Amino acid sequence: MMRFPVWFIAVFTALVWTSGGAAADPLGTSVVVRVVGTSPSWGQEGVPAWQTAAPVKQETQYRLYDLQIGRNASLQPIFLALYAFSNETPGNYTSQLPENEWIAYRDAHLVRRIELSPQGADGAETLAGLVSLFDEVIDAEDIRRLIVSYAGHGGPSVFFENAISLNEGRTLLWHLRERIGFRPLIMDFSTNCDVGYFDFMVQFNDVANFALASEHPVGGWGPDTDQVDQWIARGHDANLHQFWSRANTEAEALNASVEMRHAYWETGSESQENQSVRQSLAGYDLQRFRAFMEGFVNAGLVDDADDLTPQSDLGAHVYATSNTELVSRFEAFRSQYRNNNGAAFDWNTPSFGFRVFNRQSFVSLADTLVRGAWDGQMQVAGLGAAILPTSRAGQVGSTVTAFATMTNNSTRALQNCRPTPSNRVVAPLGFAFQTTDPATNALVGEPGVAATLQPGGSQTFMFSIELFDELAPAELDVSFRCDGNAVSGDNGYARRVGGINTFTVSSSLDPIPDIIALAATATSNGVLEIAAPGQAGAFAVGTFNLGAGDTITARPVLSDAGLPATLTICLTDATGACASPRAESIDAMILQNQSQSYAVFARTQGAIPLQAAVNRINVGFRDSTGALRGSTSVAIRTR
């Protein structure tokens with residue numbers, strides 16, 4: 001007979017009261033912030049990609065800001081300025097504005113200007129100013145997705161033309177992701193040269209969702225009048241409204257951008273042809289970068305990387321394998337690609353939109369990236385985390401919630417600790433968190449405010465996820481992060497443990513079941529303790545359906561099929577006794593706002609050591625379509 005402890009009922013009650021709220025606007029607003037680098041040697045006022053395109057604006061489609069990095073003759077930042085072009089109506093911009101008209105127009109739309117060190121600011125000062133101006137945009141807008149664009153020079157190891165370093169660029173983008181609630185963040189570097197490289201994407205695949213870039217120099221065929229007019233009339237920046245319509249998905253927006261640029265090349269260009277200037281553009285789904293690299297490593301291509309030279313095309317290596325799984329992963333990552341091969345001239349060599357610049361760096365990073373060594377280097381010793389429940393499901397436009405606990409088992413205080421989603425699930429989601437009172441699960445503090453974990457201490461949180469689009473059940477890798485002293489190892493994440501601090505989420509346009517499932521063991525420590533090898537034990541599982549009613553199949557499975565144990569499950573009544581025969585799985589109709597309880601039995605045939613992160617019993621709850629709509633788990637051991 002299995003009964004539920006008081007804490008178990010409290011968690012159920014709190015989740016029922018905090019779940020299922022509708023998002024204010026699942027579409028929200030697309031906000032574009034174009035960062036523009038200017039200097040006396042790089043067209044202080046006369047940058048066509050900025051000067052001409054900035055007024056082109058459709059209010060109903062997206063919001064547009066420009067953020068200027070003003071530089072001195074040595075290309076060091078000396079001021080930052082934010083301009084809002086969000087209240088303009090589109091006009092006829094088929095030729096460049098006279099400079100005096102442009103300056104007057106631009107200055108009339110100034111939001112704020114920050115003066116930096118007159119002799120030239122370092123990266124830290126510039127980063128602080130950029131964060132301040134971006135925060136002003138975020139505070140003013142209801143952001144569905146944020147597009148960070150850069151108009152200026154680029155390269156495989158350059159961010160904002162070296163106004164800030166690559167690491168400072170990562171810091172900026174991570175800050176933006178947190179501020180916008182982890183809604184989609186897109187890097188539009190399509191007017192930069194040589195960004196479509198492993199060397200660049202490996203730095204930013206976990207802090208942005210998508211990128212738009214070229215693996216070749218952009219432009220470069222002579223700024224004659226005809227070319228400038230064509231760029232203005234059909235250029236990328238002048239057509240932003242076509243891409244970032246509210247109705248477009250991220251994939252549709254990237255594809256529209258790539259196809260527009262291809263149509264421009266298709267018009268033909270005598271200068272392109274005479275100078276044999278290669279032009280290309282690709283959309284990159286950064287959320288699929290690691291899956292592609294895992295396939296690349298597993299195919300043995302890193303071992304054969306000796307033939308990689310600077311600017312080698314990784315796509316050529318992929319297609320040469322004829323490995324359909326690897327090709328599929330590559331095309332999912334480099335999701336759109338077009339070039340002017342055959343339009344202006346024949347290239348005579350294949351190009352697939354993803355290059356490597358530094359071979360030694362590629363070889364050293366590729367394997368460790370896939371094997372998780374990067375994450376391991378960032379793990380904080382003594383930092384632990386857990387989630388209840390470990391699965392939620394909801395209708396598109398709704399918000400689902402769960403509780404989390406972070407623990408500090410070290411002898412030092414850990415600063416700025418909070419839950420965040422990593423970039424390992426391909427989904428349009430919004431994410432927020434707030435601290436809670438562990439005794440009552442009531443919200444305390446302010447939304448988005450992190451906590452300090454004292455030695456031996458803990459902090460509880462509730463996090464919420466906005467479901468913007470349909471999503472098949474997928475594991476959202478919630479990261480538990482603290483920011484502290486990197487030298488002493490206090491800057492990083494809690495170890496990821498499947499079934500303990502991972503979270504499965506799904507959504508549908510139609511109502512679906514949302515099974516809140518929690519397990520309770522006799523010892524109330526999350527471990528099924530079995531007296532000795534060859535004996536049996538049991539634990540209770542309680543469920544509550546916050547979603548649509550359906551027939552739910554419950555099945556317990558071992559985390560490792562090699563563990564010496566057999567599992568069965570039954571429905572239970574109010575006393576905790578089995579109300580159905582034991583079986584490997586069991587079906588039950590669970591209506592909306594209805595509960596159902598179960599008992600799970602494990603009979604061991606050998607010794608099972610206490611390895612809570614590895615030796616577990618997972619209980620999944622699937623609807624009539626077979627989709628996972630709830631889950632919970634316990635550790636198992638024999639004494």
Subject >> Scope segment 258-286; condition surrounded by 20 or more Cβ atoms within 10 Å (Cβ to Cβ), modelled with pLDDT of 85 or more and assigned to a helix (DSSP H, G or I); matching residues >> reply: Val258, Leu286
Original post:
Only one of (1) at pLDDT 90 or above; (2) of a type in the set (Ser, Thr, Tyr); (3) open to solvent by 40 Å² or more (accessible area, probe 1.4 Å) fails for Thr460. Which number is that?
Top reply: (3)
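Residues of segment 575-615 being among the small types (Gly, Ala, Ser) and assigned to a strand (DSSP E or B), which ones?
Once the filter is applied, which keeps residues that are among the small types (Gly, Ala, Ser) and assigned to a strand (DSSP E or B), segment 575-615 yields Ala583, Ala588, Ser595, Ser597, Ala599, Ala602.
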Original post:
Can you pull out the residues in segment 309-334 that are outside any helix (DSSP H, G or I) and either at pLDDT 90 or above or over 19 Å from Ser214 (Cα atoms) (or both)?
Top reply: Thr321, Ser322, Asn323, Arg334
Original post:
If you take the residues in segment 429-446 that are within 23 Å of the chain's Cα centre (by Cα) and modelled with pLDDT of 90 or more, which one is farthest from Val505 (Cα to Cα)?
Top reply: Thr435
**OP:** Could you list all residues from segment 394-406 that are over 15 Å from Ser479 (Cβ atoms), open to solvent by less than 60 Å² (accessible area, probe 1.4 Å) and not small (Gly, Ala, Ser)?
**Re:** Val396, Thr399, Val400, Thr401, Phe403
**OP:** With the condition kept exactly as written, say whether any residue in segment 409-422 is part of a loop (DSSP other than H, G, I, E, B), modelled with pLDDT under 90 and closer than 30 Å to Arg246 by Cα.
**Re:** yes
Subject >> Breaking point among (1) open to solvent by 50 Å² or more (accessible area, probe 1.4 Å); (2) of a type outside the set (Ser, Thr, Tyr); (3) at pLDDT below 85, for Leu97 >> reply: (1)
Subject >> Cβ-Cβ under 7 Å pairs, at least 6 apart or on other chains, segment 389-404 side on the phi > 0 side of the Ramachandran plot and touching a residue at least 12 places away in the same chain (Cβ under 8 Å), far side surrounded by fewer than 24 Cβ atoms within 10 Å (Cβ to Cβ) and hydrophobic (A, V, I, L, M, F, W, C) >> reply: Gly397/Ala22; Gly397/Ala23
**OP:** Please state which of the following conditions Leu563 fails to meet, knowing it meets all the rest: (1) part of a strand (DSSP E or B); (2) crowded, with 19+ Cβ neighbours inside 10 Å.
**Re:** (1)
**OP:** Could you grab the pairs with beta carbons closer than 7 Å, sequence gap of 6+ or different chains, first residue in segment 285-296 and on the phi > 0 side of the Ramachandran plot, second one surrounded by fewer than 22 Cβ atoms within 10 Å (Cβ to Cβ) and modelled with pLDDT of 90 or more?
**Re:** none
Original post:
Just a yes or no: is a residue in segment 612-625 touching a Pro at 6+ places or on another chain (Cβ under 8 Å), open to solvent by less than 20 Å² (accessible area, probe 1.4 Å), among the charged types (D, E, K, R) and in contact (Cβ under 8 Å) with a residue 12 or more places away in the chain?
Top reply: yes
**OP:** Could you look through segment 607-623, keep only residues that are over 13 Å from Ala554 (Cβ atoms) and not aliphatic (A, V, I, L, M), and pick out the one that is farthest from the chain's Cα centre (by Cα)?
**Re:** Pro609
Original post:
Do you know which of the residues in segment 544-571 that are among the hydroxyl-bearing types (Ser, Thr, Tyr) and at pLDDT 95 or above is farthest from Arg622 (Cα to Cα)?
Top reply: Thr566
Original post:
Out of curiosity, is Ala517 under 23 Å from Thr568 (Cβ atoms) and in a loop (DSSP other than H, G, I, E, B)?
Top reply: no
Original post:
Could you list, in sequence order, the residues of segment 172-196 that are closer than 25 Å to Gln360 by Cα and surrounded by fewer than 24 Cβ atoms within 10 Å (Cβ to Cβ)?
Top reply: Cys193, Asp194
Subject >> Filter result (within 19 Å of Asn545 (Cα to Cα) and among the hydrophobic types (A, V, I, L, M, F, W, C)) within segment 601-637 >> reply: Val619, Phe621, Ala627, Leu628
Original post:
Quick one: would you say Val449 is under 24 Å from the mean Cα position of the chain (by Cα) and open to solvent by 70 Å² or more (accessible area, probe 1.4 Å)?
Top reply: yes
Original post:
Looking at Ser524, Ser507, which is the one that is closer than 30 Å to Cys417 by Cα and touching a Pro at 6+ places or on another chain (Cβ under 7 Å)?
Top reply: Ser524
Original post:
Is it the case that Asn501 is open to solvent by 20 Å² or more (accessible area, probe 1.4 Å), assigned to a loop (DSSP other than H, G, I, E, B) and either closer than 18 Å to Ala404 by Cβ or of a type in the set (Asp, Glu) (or both)?
Top reply: no
Subject >> So Ile186, is it outside any helix (DSSP H, G or I) and farther than 23 Å from Ala251 by Cα >> reply: no
**OP:** Sort out which residues of segment 511-562 are over 17 Å from Ala599 (Cβ atoms), of a type in the set (S, T, N, Q) and out of contact with any Gly (no Cβ under 9 Å at 6 or more places or on another chain), and write them in order of number.
**Re:** Asn525, Thr551
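The values are calculated or read from the model by the stated rules, or taken from the named source; none is laboratory data. Just so we're clear, the structure is a prediction, and the values are computed from it rather than from any experiment. With ideal geometry, Cβ positions are generated from the backbone for all residues, glycine too; neighbour counts draw on all protein chains shown. Calculation scope for accessible area: heavy atoms of the full protein, side chains included, ligands and nucleic acids excluded. Shrake-Rupley method; radii C 1.70, N 1.55, O 1.52, S 1.80 Å.
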